[in-house]
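The block underneath contains the structure these notes are about, expressed in C-alpha cells.
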Amino acid sequence: MQVLFNTYPWAFATPGGGEMQLLKYCEHLPTHGIRPILHDIWKPNFDTALVHFFSCIGGSIHFCGYVRSRGLPLVISSSLWLTEETTGLYPIDEIRAQLSIADLVITNSEMESAALSRVLGLPRERFAAVMNGVDLWFAQPPDPSVFRSHFGIDGPFVLTVGNVEPRKNQLGLIKAMEGHALPIVVIGHVRDKGYADLAFGPAGERVRFLGPLDHADPRLASAYAACAAFVLPSTLETPGLAALEAAAAGAPLVITREGSTREYFGDMAQYVDYADPTDIRRGIDAALAAGAHPVLSRHVAENFGWETVTARLASVYRDLATL
C-alpha cells in the first residue's frame with residue numbers, strides 16, 4: 001500500500017519532534033507493508049491509497065481540501081494539545097474545519113483524542129491514537145564519556161533538548177535553576193532568536209548552549225546517559241520525543257504535566273507546573289534525589305519502539321482503506 005506524506009512547507013527548516021516522527025514513519029512503515037511517498041510539489045503523485053498530512057498549522061486546510069476534492073482518503077496527524085482555556089492561542093475555527101474534513105485524525109495519545117474531540121466538538125470516533133515512538137538504540141545503554149569528552153563537560157548537569165522557543169520553556173528552566181549548584185546544558189535548534197537571547201543572555205556561564213545535534217549522533221544518546229536529570233518543562237508535550245529518548249537512556253525524568261505525558265510515563269517521572277519556576281525546581285531536586293526510575297527505560301523500550309507504534313499505524317491505514 002502506498003501512502004502520500006505531506007506537511008507544511010517550512011517544517012524542516014528547524015525540524016522538531018513532529019518532523020522526526022514523519023521521517024521515522026517513512027523508515028519503519030515498509031516493515032509492515034506500507035510504502036510512504038514524500039509529496040513533491042514539482043512532481044506530485046496522488047496515485048496512492050490515501051494521504052497523510054502532518055500538522056494543523058495555519059494554511060494547512062488548503063492542501064487537505066485539495067486532497068478531498070480528488071476523492072482520496074485523508075489522515076491528519078494533529079500533534080496538538082488543546083484545552084478550553086487555550087483555544088484563544090490558535091486559529092481554532094480553521095483547525096476545526098481542517099480536522100472535520102479528515103477521514104481520521106491521528107493523535108499521540110487517548111488523552112489527546114479525547115481533548116480534541118471535546119474542545120472542537122468533533123465525533124470521538126474520528127480520532128485514533130498512535131503513540132509516539134523512540135529508537136531503541138537509546139536504551140543500549142549509551143556511553144556517557146562520549147559526550148563528556150567531546151564537549152569537555154565534567155561533573156553533574158541538568159539537560160534539556162528541544163527547539164529553543166517559548167513552548168519548550170528554556171527560560172522557565174533557567175529561572176528555576178537560579179542559585180542551583182548544577183549547570184544547565186541545552187541542545188537544540190534556535191527557532192526564536194529573540195527568545196534565545198532573552199533566555200541565555202542573562203544566564204551567563206550557568207547555561208551551556210551546544211546548538212543542535214543530529215538525532216542519530218551518538219553524542220546525543222551519550223548526553224542523555226551523562227546528565228544528572230533530563231528536564232522538559234514545556235507549556236505542553238504529547239509527550240516529546242526527547243523525553244522518550246532520555247527515558248530510554250535511563251535519565252531521571254522531569255517533565256511538564258500539561259499534555260499527555262502521564263499516559264506515557266505513569267508514576268515513573270516527576271511532573272511539574274511549567275508556569276511555576278518553584279515547582280520546576282522542586283521536580284528537579286526530587287529527581288536528583290531519587291535517581292532514575294528502575295523500570296522506566298524498559299517500559300519505554302517495550303511499549304514505544306518505532307517498530308511497535310508503526311505496526312499500529314499500518315493497521316489504522318488498512319482499516320481506513322477498506323471502508
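The values are calculated or read from the model by the stated rules, or taken from the named source; none is laboratory data. Remember, predicted model here, so these are calculated numbers, not experimental data. When we count neighbours, we look across all protein chains shown, and the Cβ atoms used for this are built from the backbone with ideal geometry, even at glycine.
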Could you tell me whether segment 15-32 includes any residue that is in a loop (DSSP other than H, G, I, E, B), farther than 21 Å from G71 by Cβ and touching a helix residue (DSSP H, G or I) at 6+ places or on another chain (Cβ under 7 Å)? no
List the number of the failed condition for S222; all other conditions in (1) in contact with a strand residue (DSSP E or B) (Cβ under 9 Å, 6 or more places away or on another chain); (2) closer than 18 Å to D143 by Cβ; (3) not hydrophobic (A, V, I, L, M, F, W, C) hold. (1)
In segment 201-237, the residues that are in a helix (DSSP H, G or I), more than 27 Å from L80 (Cα to Cα) and at pLDDT 95 or above: P218, R219, S222, A223, A225, A226
Here the residues within segment 245-261 that are more than 16 Å from A176 (Cβ to Cβ), assigned to a loop (DSSP other than H, G, I, E, B) and within 14 Å of the chain's Cα centre (by Cα) are S260
Looking at Y264, Y274, can you tell me which residue is crowded, with 21+ Cβ neighbours inside 10 Å, in contact with a Pro (Cβ under 8 Å, 6 or more places away or on another chain) and part of a helix (DSSP H, G or I)? Y264
Having 1 or more residues that are of a type outside the set (D, E), surrounded by fewer than 21 Cβ atoms within 10 Å (Cβ to Cβ) and out of contact with any helix residue (DSSP H, G or I) (no Cβ under 7 Å at 6 or more places or on another chain) is the bar; report the strands (runs of 3 or more DSSP E) wholly within segment 33-148 that clear it. 35-38
Subset of segment 149-175 [within 17 Å of the chain's Cα centre (by Cα) and outside any helix (DSSP H, G or I)]: L159, T160, V161, G162, N163, V164, E165, N169
Read through the list (1) crowded, with 21+ Cβ neighbours inside 10 Å; (2) farther than 19 Å from F138 by Cβ, then give the number of the only condition that F209 fails. (1)
